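In what follows, a structure is listed as structure tokens, so that the remarks can point back to it.
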Amino acid sequence: MTVYHTKVLILGSGPAGCTAAIYASRANLEPIIATGLQHGGQLTTCSEIENFPGFAEPVQSTWLMEQLQKQAEHFGATFLNDTIINIDLSKRPFVAIGDSKDTYYGDTVIIATGACARWLGIKSELKFRGFGISICATCDGFFFRKKNIAVVGGGNSAAQETIYLSKIANKVTLIHRRDSLRAEKIIQDRLFALSNVEIIWNSIIDEIIGSDNPPNVTAILLKNVKTDILSELPVDGLFIAIGHNPNSSLFKSQLELDNEGYIITKCGTTQTSVPGVFAAGDIQDKIYKQAITAAGTGCMSAQEANAFLS
């Protein structure tokens, strides 16, 4: 077991965590980053990135995260392949325990643990992730230009992703397990006005059908929840928009969370309810959920941690 002590302990290695590491290390704070289970964060679930500023051509998501880490390491950040399983935010320095059994003391903590998209939980979903199945319309919608695609979900995210994709795809079919949407009325009005959008009610996805070489989606098998009748819908892609779960279980009863589990930060800052603890990226942002906005709050958190220490 190893004991570490740092001025800035960063939890998570996605765009928020890496950007926080860049700014903290440039301030000579020598941050330590516990990468978490998903090295590079949720961004690495996308194959290519086209909307991160600075690149004229699409870039591989894993390559982009490698570059962000190298940049932070160049200025003195230390990345450790460990997942924090316990943390005490009741006193400073804050104390965290890793899955490795190593102990981390942090004069400040930046939480950038992100959120996990909810998946359908069917076996064929794993096979086609990144090969026709996506959880991010703004990340991957461009690859389905003039094609027929489907979206599953019934809330604001599903409706907004359908609206966004309708401007790119030939046709978008929204699949919902109930007979009405949960999305806000104004969003529903915009959705229902679209001529290339069809909604299939009272249905769930029973199976995802596709080819193997190369892997790609060709259809989805739908099951009507009222009649149990199965029907096949030919599509070129499927976008899953059934919500996200913030990775905040470690901080329950220690930090102020909203009713969905997102960390609440002071308006216009990344400050949490505990002085010296900051939250950046999707762990505190349930609206934008973009790499660039996560990076922006990562920058904010590092500067605020530096100001706090000063």
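The values are calculated or read from the model by the stated rules, or taken from the named source; none is laboratory data. Given the structure is predicted, the values throughout are model-derived calculations rather than measurements. Neighbour counts are summed over all protein chains in view; Cβ atoms, including those assigned to glycine, are modelled from backbone coordinates with ideal geometry.
Conditions tested, residue by residue: (1) charged (D, E, K, R); (2) assigned by TED's automatic domain parsing to the domain that holds Leu29; (3) over 15 Å from the mean Cα position of the chain (by Cα); (4) at pLDDT 95 or above.
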site: Asp102; (1), (2), (3), (4): yes, yes, yes, yes
site: Tyr105; (1), (2), (3), (4): no, yes, yes, yes
site: Ile110; (1), (2), (3), (4): no, yes, yes, yes
site: Lys127; (1), (2), (3), (4): yes, no, yes, no
site: Asp140; (1), (2), (3), (4): yes, no, no, no
site: Phe143; (1), (2), (3), (4): no, no, yes, no
site: Val151; (1), (2), (3), (4): no, no, yes, yes
site: Asn156; (1), (2), (3), (4): no, no, yes, no
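On the stretch given as region 186-211, residues that are modelled with pLDDT under 95 and among the aliphatic types (A, V, I, L, M) total 2.
Elements of the type strands (runs of 3 or more DSSP E) sitting completely within region 194-243 and holding at least 1 residues that are over 26 Å from the mean Cα position of the chain (by Cα): these cover 197-200, 203-212, 215-224, 230-234. Restricting Asn196, Asn216, Asn170, Asn224 to residues that are touching a strand residue (DSSP E or B) at 6+ places or on another chain (Cβ under 9 Å), surrounded by fewer than 17 Cβ atoms within 10 Å (Cβ to Cβ) and farther than 24 Å from Phe128 by Cα narrows the list to Asn196. Of the set (1) outside any loop (DSSP other than H, G, I, E, B); (2) among the hydrophobic types (A, V, I, L, M, F, W, C); (3) not assigned by TED's automatic domain parsing to the domain that holds Ile263, all apply to Leu64 but (3). Could you tell me whether Gly298 is at pLDDT 95 or above, buried (at least 17 other Cβ atoms within 10 Å of the Cβ) and assigned by TED's automatic domain parsing to the domain that holds Ala21? Here the answer is yes, as Gly298 does meet what is asked. Within region 11-59, being modelled with pLDDT of 85 or more, assigned to a helix (DSSP H, G or I) and out of contact with any Pro (no Cβ under 8 Å at 6 or more places or on another chain) holds for Pro15, Ala16, Gly17, Cys18, Thr19, Ile22, Tyr23, Arg26. Scanning region 241-263 for residues that are over 12 Å from Ile111 (Cα atoms) and either in contact with a His (Cβ under 8 Å, 6 or more places away or on another chain) or not polar (S, T, N, Q) (or both) turns up Ala241, Ile242, Gly243, His244, Lys252, Glu256, Leu257, Asp258, Glu260, Gly261. Among the residues of region 76-107, those that are assigned to a loop (DSSP other than H, G, I, E, B) and among the hydroxyl-bearing types (Ser, Thr, Tyr) comprise Thr83, Ser90, Ser100.
When residues in region 255-273 are screened for being surrounded by fewer than 17 Cβ atoms within 10 Å (Cβ to Cβ) and under 22 Å from Gly98 (Cα atoms), 0 of them pass.
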